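The next block holds one structure in the form of structure tokens; read it before the comments.
The values are calculated or read from the model by the stated rules, or taken from the named source; none is laboratory data. Please read all numbers here as calculations on a predicted model, not as lab measurements. Every residue, glycine among them, receives a Cβ derived from its backbone with ideal geometry; neighbour counts consider all protein chains shown. Side chains are part of the model used for accessible areas, which takes the heavy atoms of the whole protein and leaves out ligands, DNA and RNA. Shrake-Rupley method; radii C 1.70, N 1.55, O 1.52, S 1.80 Å.
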Amino acid sequence: MRFEEQHVIVTGGTRGIGRAISEAFLAEGAEVHATYRGDEEAAEALRASVGEAAERLHLARVDLCDPAAVEGFWEELEETPISVLVNNAGIRRDGILATMSEENWNAVLETNLTGGYRMARQAVKNMLGRRYGRILFVTSPAGRVGFEGQGNYAASKAGQVGLARALCKEVAKRGITVNCVSPGFIETELIADLPPERVKTYRAGIPARRFGTPAEVAGAVLYLASPEASYVTGATLEVTGGL
């Protein structure tokens with residue numbers, strides 16, 4: 001129960017990797033504030049699946065693209081001491097750059113990068129006075145190597161890493177760490193719409209010869225969020241099977 005009595009925020013915390021992260025923190029005793037954009041069914045499914053830990057699960061519908069919604073979420077928390085923020089929420093709108101619409105470009109950058117900035121900005125304000133905190137971004141190898149048809153996604157993920165590395169230098173003296181976890185291909189709905197041939201190609205390129213599981217990503221997140229990782233900041237922990 002390493003996170004007993006700690007309050008943890010997980011954005012996009014009701015589906016896929018986010019759900020696994022929420023479940024892992026609940027299993028370790030945390031009070032989990034899981035945000036989601038609009039899938040009420042997935043949110044209630046998470047609540048129903050965690051048994052007695054549902055008493056420590058707080059679901060909040062928040063559109064990270066809406067500054068007022070983010071402000072309202074933090075205002076409702078009032079003086080709640082947040083120990084951990086996991087910026088996990090993310091979307092894809094794939095397409096080759098030559099034909100990519102500005103709408104799809106902006107949607108991905110606004111959700112993945114600007115949404116993370118909005119949440120991190122508020123988290124820092126919450127954590128500074130207590131001189132303790134853990135801020136994490138769930139990024140992607142796409143930000144490092146790029147993937148065809150994912151220019152917007154790659155840009156957003158590279159931006160998360162740059163933001164984390166800059167922010168960690170601003171808050172390290174206050175006992176706040178800022179890190180990234182970079183999952184490779186993980187078995188979630190985020191990659192479920194990829195063409196079968198592309199899936200086959202991607203899997204063949206992974207040294208481990210398999211896709212990862214959300215639970216494997218959650219384990220990495222819990223380590224970086226723990227007191228044991230107090231001297232790890234500005235780092236990116238890859239969970240990629242060697243990709």
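Of the residues Gly184, Gly159, Gly143, Gly175, the single one that is out of contact with any Cys (no Cβ under 8 Å at 6 or more places or on another chain) and at positive phi is Gly175.
Within segment 81-96, can one find any residue that is closer than 19 Å to Ala229 by Cβ, of a type in the set (Ser, Thr, Tyr) and in contact with a His (Cβ under 8 Å, 6 or more places away or on another chain)? Checked segment 81-96: at least one residue is closer than 19 Å to Ala229 by Cβ, of a type in the set (Ser, Thr, Tyr) and in contact with a His (Cβ under 8 Å, 6 or more places away or on another chain). Only one entry in Gly241, Gly234 is within 21 Å of Val161 (Cβ to Cβ), assigned to a loop (DSSP other than H, G, I, E, B) and open to solvent by less than 20 Å² (accessible area, probe 1.4 Å), namely Gly234.
Counting only residues that are hydrophobic (A, V, I, L, M, F, W, C) and modelled with pLDDT under 95, which one in segment 134-154 is nearest to Thr114 (Cα to Cα)?
Keep residues of segment 134-154 that are hydrophobic (A, V, I, L, M, F, W, C), which gives 135-138, 142, 145, 147, 154.
In the following step, the residues that additionally are modelled with pLDDT under 95 were identified as 142, 145, 147.
Working: Ala142: 18, Val145: 21, Phe147: 21 Å.
Ranking the qualifying residues of segment 134-154, first place goes to Ala142.
For segment 198-215, give me each residue that is of a type outside the set (A, V, I, L, M, F, W, C) and over 14 Å from the mean Cα position of the chain (by Cα). Of everything in segment 198-215, those that are of a type outside the set (A, V, I, L, M, F, W, C) and over 14 Å from the mean Cα position of the chain (by Cα) turn out to be Arg198, Lys200, Thr201, Tyr202, Arg203, Gly205, Pro207, Arg209, Arg210, Gly212, Thr213. For segment 215-225, the set of residues classified as surrounded by fewer than 16 Cβ atoms within 10 Å (Cβ to Cβ) and small (Gly, Ala, Ser) consists of Ala215, Gly219, listed by residue number. Evaluation of Ala154 against the conditions (1) surrounded by fewer than 18 Cβ atoms within 10 Å (Cβ to Cβ); (2) assigned to a helix (DSSP H, G or I); (3) not β-branched (Val, Ile, Thr) shows that the sole unmet condition is (1). Scanning segment 194-201 turns up at least one residue that is of a type in the set (A, V, I, L, M) and either in contact with a strand residue (DSSP E or B) (Cβ under 6 Å, 6 or more places away or on another chain) or assigned to a helix (DSSP H, G or I) (or both). Of the residues making up segment 75-107, just one is open to solvent by less than 40 Å² (accessible area, probe 1.4 Å), in contact with a strand residue (DSSP E or B) (Cβ under 9 Å, 6 or more places away or on another chain) and in a helix (DSSP H, G or I), namely Leu77.
Does Cys168 satisfy the condition of being in contact with a Ser or Thr (Cβ under 6 Å, 6 or more places away or on another chain), part of a strand (DSSP E or B), touching a residue at least 24 places away in the same chain (Cβ under 8 Å) and closer than 21 Å to Val86 by Cα? Considered against the rule, which asks whether it is in contact with a Ser or Thr (Cβ under 6 Å, 6 or more places away or on another chain), part of a strand (DSSP E or B), touching a residue at least 24 places away in the same chain (Cβ under 8 Å) and closer than 21 Å to Val86 by Cα, Cys168 comes out as no. Would you pick out the residues in segment 179-214 that are open to solvent by 20 Å² or more (accessible area, probe 1.4 Å) and polar (S, T, N, Q)? Those that are open to solvent by 20 Å² or more (accessible area, probe 1.4 Å) and polar (S, T, N, Q): Thr188, Thr201, Thr213.
Looking only at residues in segment 108-137 that are under 18 Å from Pro183 (Cα atoms) and of a type in the set (A, V, I, L, M, F, W, C), which one is most open to solvent (accessible area, probe 1.4 Å)? Step by step, filter segment 108-137, then rank; the result is Leu113.
Could you count how many residues in segment 1-41 are in contact with a Phe, Trp or Tyr (Cβ under 7 Å, 6 or more places away or on another chain) and assigned to a helix (DSSP H, G or I)? Residues flagged as in contact with a Phe, Trp or Tyr (Cβ under 7 Å, 6 or more places away or on another chain) and assigned to a helix (DSSP H, G or I) within segment 1-41 amount to 1.
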